[in-house]
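The structure appears below as C-alpha coordinates.
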Amino acid sequence: MTQAPAPQGTSCLWVVFAACAGVFAVAYNTTAVMTALPAMKSSLDLGVNTLQWVVVLYMLATATSLAALGHFADMFGLVRIFIVGLAAFAIGGLANAMANDVFFVLVGRAFQGIGAAGLLATAVAMISVASPQEKRAQGLGMLAASLAFGFALGPLIGGVLTDVFSWRAIFVLDLANIAIAASVCIMAARLNLI
(Lines give C-alpha, C1' and ligand atoms only; values in the text may rest on other atoms or scores of the structure.)
Protein backbone atom coordinates (compact mmCIF):
# COMPACT_ATOMS: atom_id res chain seq x y z
CA MET A 1 0.00 0.00 0.00
CA THR A 2 1.34 3.40 -0.92
CA GLN A 3 1.31 5.99 1.83
CA ALA A 4 1.23 9.76 1.47
CA PRO A 5 4.45 11.62 2.23
CA ALA A 6 4.96 12.44 5.88
CA PRO A 7 3.76 15.88 6.94
CA GLN A 8 6.24 18.39 8.21
CA GLY A 9 6.21 20.32 11.48
CA THR A 10 4.18 19.49 14.54
CA SER A 11 1.06 18.20 12.75
CA CYS A 12 2.24 14.62 13.29
CA LEU A 13 1.66 15.11 17.03
CA TRP A 14 -2.09 14.62 16.47
CA VAL A 15 -1.40 11.17 15.06
CA VAL A 16 1.01 10.41 17.89
CA PHE A 17 -1.59 11.52 20.44
CA ALA A 18 -4.30 9.32 18.88
CA ALA A 19 -2.01 6.28 18.82
CA CYS A 20 -0.83 6.93 22.38
CA ALA A 21 -4.38 7.30 23.71
CA GLY A 22 -5.37 4.02 22.08
CA VAL A 23 -2.43 1.99 23.32
CA PHE A 24 -2.67 3.55 26.78
CA ALA A 25 -6.24 2.24 27.04
CA VAL A 26 -5.06 -1.23 26.00
CA ALA A 27 -2.12 -1.23 28.41
CA TYR A 28 -3.92 0.10 31.47
CA ASN A 29 -6.88 -2.21 30.86
CA THR A 30 -4.62 -5.25 30.66
CA THR A 31 -3.27 -4.72 34.17
CA ALA A 32 -6.28 -2.95 35.74
CA VAL A 33 -8.49 -5.98 35.17
CA MET A 34 -6.05 -8.08 37.22
CA THR A 35 -6.83 -6.04 40.32
CA ALA A 36 -10.56 -6.30 39.67
CA LEU A 37 -10.68 -10.09 39.37
CA PRO A 38 -11.64 -10.72 43.03
CA ALA A 39 -14.49 -8.21 42.76
CA MET A 40 -15.62 -9.73 39.47
CA LYS A 41 -15.52 -13.18 41.05
CA SER A 42 -17.76 -12.06 43.90
CA SER A 43 -20.11 -9.94 41.82
CA LEU A 44 -20.74 -12.55 39.14
CA ASP A 45 -20.26 -15.63 41.36
CA LEU A 46 -17.48 -17.00 39.16
CA GLY A 47 -15.39 -20.06 39.81
CA VAL A 48 -11.60 -19.91 39.59
CA ASN A 49 -11.52 -21.77 36.26
CA THR A 50 -14.02 -19.37 34.71
CA LEU A 51 -12.21 -16.37 36.17
CA GLN A 52 -9.00 -17.45 34.47
CA TRP A 53 -10.77 -17.20 31.12
CA VAL A 54 -11.40 -13.48 31.70
CA VAL A 55 -7.66 -12.97 31.30
CA VAL A 56 -6.79 -15.85 28.97
CA LEU A 57 -9.48 -15.12 26.39
CA TYR A 58 -8.31 -11.50 26.12
CA MET A 59 -4.71 -12.57 25.53
CA LEU A 60 -5.73 -15.37 23.17
CA ALA A 61 -7.88 -13.03 21.06
CA THR A 62 -5.07 -10.48 20.92
CA ALA A 63 -2.38 -12.99 19.98
CA THR A 64 -4.41 -14.81 17.34
CA SER A 65 -5.68 -11.71 15.55
CA LEU A 66 -2.60 -9.45 15.67
CA ALA A 67 -0.93 -10.66 12.46
CA ALA A 68 -4.21 -10.78 10.54
CA LEU A 69 -5.12 -7.23 11.53
CA GLY A 70 -1.64 -6.05 10.55
CA HIS A 71 -2.18 -7.63 7.13
CA PHE A 72 -5.63 -6.05 6.87
CA ALA A 73 -4.06 -2.68 7.71
CA ASP A 74 -1.77 -3.13 4.71
CA MET A 75 -4.74 -4.01 2.52
CA PHE A 76 -7.41 -1.57 3.73
CA GLY A 77 -5.42 1.21 5.39
CA LEU A 78 -3.97 1.94 8.79
CA VAL A 79 -6.65 4.38 9.87
CA ARG A 80 -9.50 2.02 9.03
CA ILE A 81 -8.02 -0.83 11.04
CA PHE A 82 -7.10 1.51 13.90
CA ILE A 83 -10.73 2.69 14.00
CA VAL A 84 -11.95 -0.92 13.80
CA GLY A 85 -9.66 -1.72 16.72
CA LEU A 86 -11.02 1.22 18.70
CA ALA A 87 -14.59 0.15 17.92
CA ALA A 88 -14.00 -3.48 18.89
CA PHE A 89 -12.29 -2.41 22.11
CA ALA A 90 -15.18 -0.05 22.91
CA ILE A 91 -17.82 -2.70 22.17
CA GLY A 92 -15.97 -5.09 24.46
CA GLY A 93 -15.71 -2.45 27.17
CA LEU A 94 -19.41 -1.71 26.91
CA ALA A 95 -20.28 -5.41 27.09
CA ASN A 96 -18.14 -5.77 30.20
CA ALA A 97 -19.48 -2.65 31.87
CA MET A 98 -23.04 -3.88 31.41
CA ALA A 99 -22.39 -7.61 31.95
CA ASN A 100 -24.66 -9.43 34.34
CA ASP A 101 -23.24 -12.89 33.71
CA VAL A 102 -20.01 -14.54 32.63
CA PHE A 103 -21.06 -14.94 28.99
CA PHE A 104 -21.08 -11.19 28.37
CA VAL A 105 -17.81 -10.74 30.26
CA LEU A 106 -16.08 -13.34 28.10
CA VAL A 107 -17.57 -12.01 24.86
CA GLY A 108 -16.53 -8.51 25.91
CA ARG A 109 -13.00 -9.62 26.71
CA ALA A 110 -12.73 -11.37 23.33
CA PHE A 111 -13.83 -8.18 21.56
CA GLN A 112 -11.36 -6.18 23.62
CA GLY A 113 -8.59 -8.60 22.66
CA ILE A 114 -9.37 -8.20 18.97
CA GLY A 115 -9.52 -4.44 19.44
CA ALA A 116 -6.19 -4.44 21.24
CA ALA A 117 -4.65 -6.35 18.34
CA GLY A 118 -5.98 -3.79 15.87
CA LEU A 119 -4.54 -0.93 17.89
CA LEU A 120 -1.19 -2.57 18.51
CA ALA A 121 -0.87 -3.66 14.87
CA THR A 122 -1.37 -0.14 13.53
CA ALA A 123 -0.09 2.34 16.12
CA VAL A 124 3.62 2.06 15.27
CA ALA A 125 2.96 2.17 11.54
CA MET A 126 0.66 5.20 11.87
CA ILE A 127 3.34 7.13 13.71
CA SER A 128 6.02 6.03 11.23
CA VAL A 129 3.93 7.13 8.25
CA ALA A 130 2.77 10.43 9.77
CA SER A 131 6.08 11.58 11.24
CA PRO A 132 8.94 13.14 9.35
CA GLN A 133 12.10 11.11 9.74
CA GLU A 134 13.67 13.51 12.25
CA LYS A 135 10.62 13.26 14.56
CA ARG A 136 9.86 9.56 14.15
CA ALA A 137 12.00 8.39 17.07
CA GLN A 138 10.37 10.95 19.34
CA GLY A 139 6.89 9.79 18.31
CA LEU A 140 7.73 6.13 18.80
CA GLY A 141 9.29 6.95 22.16
CA MET A 142 6.06 8.64 23.23
CA LEU A 143 4.14 5.53 22.14
CA ALA A 144 6.46 3.29 24.18
CA ALA A 145 6.07 5.60 27.18
CA SER A 146 2.27 5.44 26.86
CA LEU A 147 2.42 1.65 26.92
CA ALA A 148 4.75 1.66 29.92
CA PHE A 149 2.65 4.17 31.85
CA GLY A 150 -0.49 2.23 31.04
CA PHE A 151 0.96 -1.04 32.28
CA ALA A 152 2.39 0.64 35.39
CA LEU A 153 -0.68 2.70 36.28
CA GLY A 154 -3.22 -0.02 35.46
CA PRO A 155 -3.17 -1.73 38.85
CA LEU A 156 -3.49 1.63 40.63
CA ILE A 157 -6.33 2.80 38.39
CA GLY A 158 -8.05 -0.58 38.57
CA GLY A 159 -7.75 -0.78 42.35
CA VAL A 160 -9.05 2.73 42.94
CA LEU A 161 -11.95 2.39 40.50
CA THR A 162 -12.90 -1.01 41.90
CA ASP A 163 -12.76 0.17 45.53
CA VAL A 164 -14.47 3.52 45.00
CA PHE A 165 -17.04 2.54 42.36
CA SER A 166 -17.09 -0.98 40.91
CA TRP A 167 -15.02 -3.20 38.67
CA ARG A 168 -17.33 -2.01 35.86
CA ALA A 169 -15.81 1.49 36.14
CA ILE A 170 -12.60 0.15 34.59
CA PHE A 171 -14.50 -0.57 31.40
CA VAL A 172 -16.36 2.76 31.51
CA LEU A 173 -12.98 4.52 31.62
CA ASP A 174 -11.99 2.46 28.57
CA LEU A 175 -14.88 4.03 26.70
CA ALA A 176 -13.70 7.54 27.58
CA ASN A 177 -10.12 6.81 26.47
CA ILE A 178 -11.31 5.22 23.24
CA ALA A 179 -13.62 8.17 22.49
CA ILE A 180 -10.67 10.55 22.82
CA ALA A 181 -8.44 8.38 20.62
CA ALA A 182 -11.16 7.99 17.98
CA SER A 183 -11.92 11.71 17.89
CA VAL A 184 -8.28 12.66 17.43
CA CYS A 185 -7.68 9.89 14.89
CA ILE A 186 -10.67 10.92 12.78
CA MET A 187 -9.58 14.56 12.94
CA ALA A 188 -6.04 13.61 11.88
CA ALA A 189 -7.40 11.54 9.00
CA ARG A 190 -9.64 14.39 7.81
CA LEU A 191 -6.63 16.72 7.87
CA ASN A 192 -4.77 14.12 5.74
CA LEU A 193 -2.11 13.68 8.39
CA ILE A 194 -2.33 9.90 7.98
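The values are calculated or read from the model by the stated rules, or taken from the named source; none is laboratory data. Quantities reported herein were computed from a predicted structural model and do not represent experimental measurements. Ideal geometry is used to build each Cβ from the backbone, glycine not excepted, and the neighbour counts take in all protein chains shown. Heads up: the accessible areas ignore ligands, DNA and RNA and are worked out on the full protein's heavy atoms, side chains in. Shrake-Rupley method; radii C 1.70, N 1.55, O 1.52, S 1.80 Å.
Does LEU78 satisfy the criteria of being within 19 Å of the chain's Cα centre (by Cα) and closer than 24 Å to ALA148 by Cα?
yes
Go through the stretch 174-194 residue by residue and tally those that are closer than 19 Å to GLN112 by Cα and open to solvent by less than 60 Å² (accessible area, probe 1.4 Å).
Qualifying residue count for the region: 9.
Taking the residues in the stretch 31-52 that are open to solvent by 30 Å² or more (accessible area, probe 1.4 Å) and under 13 Å from ASN96 (Cβ atoms) as candidates, determine which candidate is nearest to the chain's Cα centre (by Cα).
Applying the filter and picking the extreme gives ALA39.
Which of the residues that make up the stretch 174-190 are of a type outside the set (D, E, K, R) and farther than 18 Å from GLY77 by Cβ?
Those that are of a type outside the set (D, E, K, R) and farther than 18 Å from GLY77 by Cβ: LEU175, ALA176, ASN177, ILE178, ALA179, ILE180, SER183.
Does PHE149 meet the test of being under 30 Å from CYS12 (Cβ atoms), open to solvent by 60 Å² or more (accessible area, probe 1.4 Å) and not polar (S, T, N, Q)?
yes
Given the conditions (1) modelled with pLDDT of 95 or more; (2) farther than 18 Å from ALA25 by Cβ, and given that ALA88 satisfies all but one, which numbered condition is not satisfied?
(2)
For (1) more than 21 Å from ARG80 (Cβ to Cβ); (2) open to solvent by 70 Å² or more (accessible area, probe 1.4 Å); (3) in contact (Cβ under 8 Å) with a residue 40 or more places away in the chain; (4) not hydroxyl-bearing (Ser, Thr, Tyr), each residue gets a yes or a no:
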| position | (1), (2), (3), (4) |
| --- | --- |
| GLY93 | no, no, yes, yes |
| ALA97 | yes, no, yes, yes |
| VAL102 | yes, no, yes, yes |
| GLY108 | yes, no, yes, yes |
| ALA116 | no, no, yes, yes |
| ALA130 | no, no, yes, yes |
| GLU134 | yes, yes, no, yes |
| ALA137 | yes, yes, no, yes |
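Please report, ordered by residue number, the helices (runs of 4 or more DSSP H) entirely within the stretch 35-148 with at least 2 residues that are touching a Leu at 6+ places or on another chain (Cβ under 6 Å) and not hydrophobic (A, V, I, L, M, F, W, C).
On the way: elements: 48-76, 78-98, 102-130.
Answer list for the stretch 35-148: 78-98, 102-130.
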